[in-house]
Amino acid sequence: MDDEILEQLRERYASGNLIVFAGAGVSAAAGMPTWKQLAERLRDRARRKGADPAVVDEIQQYIASNQLINALSAAKLALGPQDFNWTVDKELDDTGREVPEVAQAIAALKPRLKAVLTTNIDRFLERAFQGEWRMVDRPTADIAMDRRFILKLHGTLRAWDTWVFSRDQYDRAIFGSPLLQDAFGALYRTHSILFVGFGLADDNIDQTLARVRALAGGQPPMHFALLPKGVPPFRRRLLEESGVRLIVYENQAGDHAEVAQLLLGLEPAAAPAQPPPRVATPAPAPQPASSAHPTAVPPANTHPAKARPVRVFFSYASRDEELLARLEAHMSPLKREGLIAPWHSGKIGAGEDLERAIGEQLEAADLILLLVSASYLASEQGDAQVARAMERRAAGQAAVVPILLRPCDWETTRFAELQAVPRDKKPVSKWSDEDEAFLQVAREIRAVVTKLRASLR
């Protein structure tokens with residue numbers, strides 16, 4: 001085992017930016033069928049149900065070449081949706097089975113782990129986390145902003161309508177929305193992924209790694225995979241070209257027991273408690289005769305540290321400076337209460353590097369407000385700021401709120417799927433009372449700020 005790579009994995013985990021991607025091997029450790037075994041059982045059922053021998057042979061060919069997603073898709077076509085779903089549900093039902101040790105080891109990483117992705121539809125991981133983490137079977141466009149969730153990419157047991165067993169279903173479910181694709185792209189670019197429970201010839205991981213290579217834009221981030229000894233040279237090269245560092249274990253007993261041990265080793269052991277130093281205690285000072293009770297010692301301040309203000313970045317066009325000033329006025333109570341620290345390019349002093357100042361503030365912002373108008377959409381600087389804002393939002397680093405100032409074709413933009421304000425999509429300039437519109441916007445921003453401050457504590 002490469003100690004240097006293992007140490008890099010520990011560093012990624014300690015940073016809070018590690019995601020575990022759990023494959024079928026995690027469930028197989030509890031005696032559940034692997035994807036290959038499931039495909040074989042579906043093939044056998046299709047044969048027993050009198051399916052066309054050519055169709056059964058096609059399923060077998062896919063199984064033999066480890067194209068398991070294709071094998072499952074062909075089996076579903078042969079059996080029909082109802083029979084296929086019933087069979088899969090029965091085969092992958094984890095009721096009465098003990099949660100495998102490797103799933104428990106993944107759950108033990110919850111103090112610093114960002115999230116868990118899995119292609120498994122059984123409930124072992126939810127049971128291992130004991131319901132403390134949210135289970136997601138229908139990802140949303142802001143999924144990368146969240147933490148402490150289990151994203152089930154192929155759906156979950158019993159909910160047949162969530163299942164994903166073909167490539168076209170996977171593409172529609174995960175990458176059908178441009179905004180959702182941006183979110184997953186940011187997830188793969190800005191977080192390290194640890195693959196656990198995938199085989200060397202698993203096309204599930206091949207498909208995922210192909211996505212990683214495409215979304216990384218030729219610069220794959222550092223990912224990791226726990227694999228048993230015996231990775232062939234070409235396979236190793238393919239993984240490494242996808243940015244995957246291999247942590248190879250011996251697997252001497254053939255039960256992959258080392259995987260749970262490696263996972264548990266990521267969480268640093270608590271330092272043994274040290275006895276407090278012995279300090280000579282002075283004799284108590286004599287109390288005045290008139291004192292009925294000793295003077296009370298004021299307790300130490302046990303109040304939690306106050307959350308810092310939310311850093312707010314205004315992205316706007318120069319033509320809209322007047323509307324920006326009016327928005328700032330409506331938001332001034334938030335600033336006075338210490339809830340926000342607002343910033344926009346109008347605050348840059350003479351002689352300062354304009355581009356650098358804007359870039360630094362944009363990177364530091366917790367909340368980015370897009371002041372939308374035709375002038376803003378026509379601005380190259382605005383376009384660049386929108387692109388970076390959406391990347392930071394997808395990576396879970398900032399919230400983004402479009403504020404509609406003037407009528408324009410904003411619903412074709414990359415932020416069109418975000419909730420804009422005013423909520424009725426009527427631009428501020430079209431209101432009979434613009435102050436009423438700004439009041440609604442300020443209230444919406446207060447709600448967002450309140451939510452953000454809870455995460456800054």
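Around the amide H of Phe224, modelled in the peptide plane, lie the amide H atoms of Ile193, Leu194, Phe195, Arg245, all under 5 Å away and 5 or more residues distant in sequence or on another chain.
If R0 is taken as 56 Å, the Cβ-Cβ distance between Glu241 and Ser432 corresponds to a FRET efficiency of 0.40. With N counted as the residues of the range 364-419, its alpha-carbon radius of gyration over 2.2 N^0.38 Å works out to 1.05.
Evaluated over the Cα positions of the range 327-412, the convex hull gives a direction-averaged projected area, one quarter of its surface, of 6.5 nm².
Taking the three principal axes of the alpha carbon atoms in the range 44-149, the coordinate ranges are 52, 34, 26 Å, sorted in descending order.
The solvent-accessible area of Ser375, taken with every protein chain present and a 1.4 Å probe, is close to 40 Å².
Pairs with C-alpha atoms separated by more than 32 Å, drawn from the list Lys152/Lys451; Lys114/Lys426; Lys347/Lys425; Lys152/Lys335; Lys110/Lys347; Lys76/Lys110, are Lys114/Lys426; Lys152/Lys335; Lys110/Lys347; Lys76/Lys110. Here Asp409 sits with roughly 100 square angstrom of accessible surface, probe radius 1.4 Å. Per residue, the accessible area of the range 358-457 comes to 47 Å² when a 1.4 Å probe rolls over the protein heavy atoms.
In terms of Cα atoms, the Rg and Dmax of the range 355-457 work out to 13.8, 40 Å. Summing Lys and Arg as +1 and Asp and Glu as -1 over all other residues whose Cβ lies under 12 Å from the Cβ of Arg43 gives a net charge of +3. You can think of it this way: the chain between Lys49 and Arg319 has 90.2 nm of extra reach, that is 0.36 nm per residue less the Cα-Cα gap. Note that the range 371-381 has calculated 3J(HN,Hα) couplings of 8, 8, 7, 4, 5, 5, 5, 7, 7, 5, 5 Hz, one per residue in order, obtained from phi through the Karplus relation 6.51 cos²θ - 1.76 cosθ + 1.60 (θ = phi - 60°); glycine and proline are x.
Placing unit charges on the Cβ atoms only, positive for Lys and Arg and negative for Asp and Glu, gives the range 1-136 a dipole magnitude near 400 debye about its Cα centre. Close amide H pairs (under 5 Å, H built 1.01 Å from N) link Val400 with Ile368, residues at least 5 positions away or on another chain. Per residue, the range 1-152 exposes 45 Å² of accessible surface when a 1.4 Å probe is rolled over the protein heavy atoms with every protein chain present.
Here the Karplus relation 6.51 cos²θ - 1.76 cosθ + 1.60, evaluated at θ = phi - 60°, turns the backbone of the range 130-135 into coupling constants of 6, x, 6, 9, 6, 8 Hz, with x for every Gly and Pro. Available extension along the chain between Ala357 and Glu411 is 16.5 nm, counting 0.36 nm per residue and deducting the alpha carbon span. Taking 0.36 nm per residue of separation and subtracting the Cα-Cα distance, full extension of the segment from Arg388 to Gln82 would add 105.6 nm. Other residues with beta-carbon under 12 Å from the beta-carbon of Ala78 carry, at +1 per Lys or Arg and -1 per Asp or Glu, a net charge of +1.
The values are calculated or read from the model by the stated rules, or taken from the named source; none is laboratory data. Remember, it's a predicted structure, so these values are computed and weren't measured experimentally. Reconstructed Cβ throughout: ideal geometry from the backbone, glycine too, with neighbour counts over all protein chains shown. Areas reflect the complete protein model, heavy atoms only, side chains present, ligands, DNA and RNA absent. Shrake-Rupley method; radii C 1.70, N 1.55, O 1.52, S 1.80 Å.
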